[in-house]
Amino acid sequence: MPLVTTTEMFKKAYDGGYAIGAFNINNMETIQGIVEAGMETRSPLILQVSKGARQYANVTYLKKLMEAATIESDLPIAFHLDHGDSFELCKDCVDNGFTSVMIDASHMPFEENVKLTRQVVEYAHDHGVVVEAELGKLAGIEEHVVSDSHQYTDPDEVQEFVSRTGVDSLAIAIGTSHGAYKFKGKPELRFDILAEVEKRLPNFPIVLHGASSVPQKFVDLIDQYGGNVKGAQGVPEELLRKAASMAVCKINIDSDIRLAITACIRQHFAEHPEHFDPRQYLAPARTAIKEMVKHKIINVLGSNDKA
């Protein structure tokens, strides 16, 4: 099946009360683990690439890996740019076969956010590509996106923003956080904001960034074998499942993938210091990704058997 946009998968997700997982990719093993999980659960997938991942892996290699994913599976798969920070970057991704792009101008004043988002939407729509934008700011760190605190989305702004930009989906800030973040207190989500946004934008797909749950077993393994992520927390999975039953159609998951890879590799070298063949430690890491993604699809997203 060729790559698809998110339009149809979001419509089905909204109507069905579930969400699609948007999983960040950086290399072959990550893509393989995610796609194998999608095949075993019959779930649609969004494979997304950050600006840093493009620089790390080279967009040509990433395109070919995406092509391999569509050949190896018959799943609906969208190829998405995560946190694009300029028109030029979004344009280059559109020109290079991405089926979805995000322009993140949430750090700008409202009018500048509208202007830049509209520019990206006009170009992308002319080329059959859909666009995600963002209102509000998440606490935490994800590459160039850094904030010490939440700036919750203002529901009074969402209708005007969507109307003036023509954007296809909207990422909002209701309390999720980028990275393996150390919350002050118990992580909570502002479902009152989500409900108000849903009322202002009926049948419109909403996106949650920073929605990794940071499984304790991976945190413990990393710390056990010399890491330092003690105290890191994520968003409780039951809160994410509730969001997926509302207007949220896309949930981004990145830190959990990184933690799974790192925990497995640290454990492998601690137990097998004699190994030097990358296949020996990357294979179990790939399996860990697959099992973690399967868990998310079935228990958090609810997108299993929806392909």
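Taken per residue, the accessible surface of the chain reaches 43 Å², heavy atoms only and a 1.4 Å probe.
Comparing 195, 270, 124, which has the greatest mean-square fluctuation in the GNM of the chain with Cα pairs linked when under 10 Å apart? Taking springs between Cα atoms under 10 Å, the residue moving most is 270. Here is the size of the range 1-73 from its Cα atoms: Rg then Dmax, 12.7, 37 Å.
Over the range 1-142, Cα pairs under 8 Å with separation of 6+ residues give a relative contact order of 23 percent.
Once the chain from residue 71 to residue 271 is taken as fully extended at 0.36 nm per residue, the excess over their C-alpha distance is 68.4 nm. Residues of the range 95-114 with an amide N closer than 15 Å to a point placed 7 Å from the Cα of residue 63 along the Cα-to-Cβ direction: 95-100. Computed over the chain with a Gaussian network model linking Cα atoms closer than 10 Å, the most mobile of 258, 279, 241 is 279.
Over the chain, dividing the summed -39,500 (n - 2.57) contributions of all DSSP H runs of at least 4 residues by the number of residues returns a 222 nm mean residue ellipticity of -14500 deg cm²/dmol. Working note: Karplus 6.51/-1.76/1.60 with θ = phi - 60° gives the range 116-127 the couplings 5, 4, 4, 4, 5, 4, 4, 5, 5, 5, 5, 10 Hz, where Gly and Pro are set to x. Axis angle, to the nearest 10 degrees, between helix 28-41 and the longest C-alpha principal axis of the chain: 80 degrees. Per-atom-type breakdown for the chain gives carbon and sulfur 51% of the accessible area (1.4 Å probe, protein chains only).
Of all the options 271, 36, 157, the one that moves most in a Gaussian network model of the chain with Cα springs shorter than 10 angstrom is 271. Positive end of the dipole of the chain (Cβ unit charges, origin at the Cα centre): among 163, 49, 38, the Cα lying farthest that way belongs to 38.
Taken over the chain, the ratio of Cα radius of gyration to 2.2 N^0.38 Å equals 0.95. Based on the convex hull around the alpha carbon atoms, the range 156-307 presents an average projected area of 10.9 nm².
The values are calculated or read from the model by the stated rules, or taken from the named source; none is laboratory data. The shown structure was predicted, so the numbers you read here are calculated from the model rather than taken from an experiment. Heads up, the Cβs are rebuilt from the backbone with ideal geometry, glycines too, and the neighbour counts pull from every protein chain shown. Ligands, DNA and RNA are excluded from the accessible area calculation, which covers all protein heavy atoms including side chains. Shrake-Rupley method; radii C 1.70, N 1.55, O 1.52, S 1.80 Å.
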